[in-house]
1. Just the number please: accessible area per residue for the stretch 126-239, 1.4 Å probe, all protein chains included, in Å².
2. Please give the length that would be gained between Y120 and K270 if that part of the chain were fully extended, namely 0.36 nm times their separation in residues minus their C-alpha to C-alpha distance (nm, one decimal).
3. Would you kindly state how much longer the chain becomes between I109 and E218 on full extension, computed as 0.36 nm times their sequence separation minus their alpha carbon distance, in nm to one decimal?
4. Kindly rank 85-97, 192-204, 254-266 from highest to lowest mean number of other beta carbons found within 10 Å of each residue.
5. Let me make sure I get this right: for the stretch 121-201, a, b and c are the square roots of the gyration tensor eigenvalues over alpha carbons, sorted descending. Under 1.5 in a/c it's rounded, otherwise prolate if a/b > b/c, else oblate. Which is it?
6. Tell me which residues come under 5 Å, amide H to amide H, from Y241 once H is placed; ignore anything under 5 positions away on its chain.
7. Rg and Dmax of the stretch 122-270 over Cα atoms: what are they, in angstrom?
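The values are calculated or read from the model by the stated rules, or taken from the named source; none is laboratory data. The structure displayed is predicted, hence computed values, not measured ones. So basically every Cβ, Gly included, is an ideal-geometry build from the backbone, and we count neighbours across all protein chains shown. Just the protein is used for accessible areas: all its heavy atoms, side chains included, with ligands, DNA and RNA removed. Shrake-Rupley method; radii C 1.70, N 1.55, O 1.52, S 1.80 Å.
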Amino acid sequence: MKVIKLAITLLSRLQDAINNDNGDGGKLSSFAPTITPAPTTATNPTALPYSTTVDGSTDISSRNPTVYTSPPTVLTHPRRNDDSNKLDILDFTPHLDDDEPHSVLPDHIVHERVNLVANYTNGIRTFACYNGAEAIRYAHSIGLYTVAGAWVDTRTDKATEEMECIINLAREGVVDLASIGSEVLTWSGLSAEEIVEYIAWFRQMVPNVMVTTAVKYEAMMDVKNQEIIIPAVDVLYINYYPYWSGYHISLALAVHKAEHAEMKAIAGDK
């Protein structure tokens with residue numbers, strides 16, 4: 001998180017020194033596409049794959065994992081052509097050092113900070129929906145690829161709120177890829193079966209949007225996790241950390257390439 005904040009801060013300081021081609025101070029207004037509003041109702045309003053208790057709370061444990069193998073429907077909203085000189089996807093938070101951590105910032109602040117990075121990346125990825133939804137909406141409106149995160153862990157009530165948030169956000173037509181959970185197999189106490197239940201819930205409610213979950217390389221080397229996670233996602237999203245794994249910086253790139261080759265072989269067409 002500190003690295004992301006530092007990157008955004010540095011980009012902010014560089015902004016005034018850069019002569020933007022579009023001449024609008026980095027606001028990218030000239031790139032904004034015409035957006036056709038998406039339906040706000042579910043395209044598949046079938047029964048939810050979970051039960052509800054007497055008090056109305058969601059009982060996640062009652063749901064059975066569901067494996068979906070049908071291909072997703074690719075979104076066709078207008079976007080800028082990807083620029084090979086830019087980052088593919090940038091992990092993004094609008095928060096800087098003076099902001100309250102995890103707070104929901106005003107929309108205009110979020111827009112300004114998306115603009116700070118928009119000249120350097122083809123898309124952004126957020127980690128939570130409750131404070132990342134506006135960044136996704138705005139990024140979509142200026143033609144960036146959007147990977148919208150939902151933060152889920154063992155706090156079932158919070159996870160349910162996040163799931164409802166990302167389902168509603170995806171129904172707005174502004175999400176290219178939904179990422180349900182970030183390294184939950186490693187840090188957040190959920191099993192592969194449990195995270196796939198959340199993925200199945202999202203897919204049933206928004207079947208036309210691609211979905212994945214972020215997994216550490218070491219966790220995905222577990223054959224059981226491979227057998228459960230890979231069939232359930234549209235794209236295998238792997239995080240590599242050579243430094244955390246104990247490798248010297250001189251070996252980091254080679255290790256990263258080797259680990260990625262392993263994951264490509266395991267993932268098949270994903």
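1. Values: 3440 Å² over 114 residues.
Heavy-atom accessible area per residue stands at 30 Å².
2. Details: separation 150, 0.36 × 150 = 54.00 nm, distance 2.60 nm.
Length gained between Y120 and K270: 51.4 nm.
3. Values: separation 109, 0.36 × 109 = 39.24 nm, distance 3.69 nm.
Result for the pair: 35.6 nm of gain on full extension.
4. 192-204, 85-97, 254-266
5. Details: a/c = 2.23, a/b = 1.86, b/c = 1.20.
Verdict is prolate for the stretch 121-201.
6. Y217
7. Radius of gyration, then largest Cα-Cα span, for the stretch 122-270: 15.5, 46 Å.
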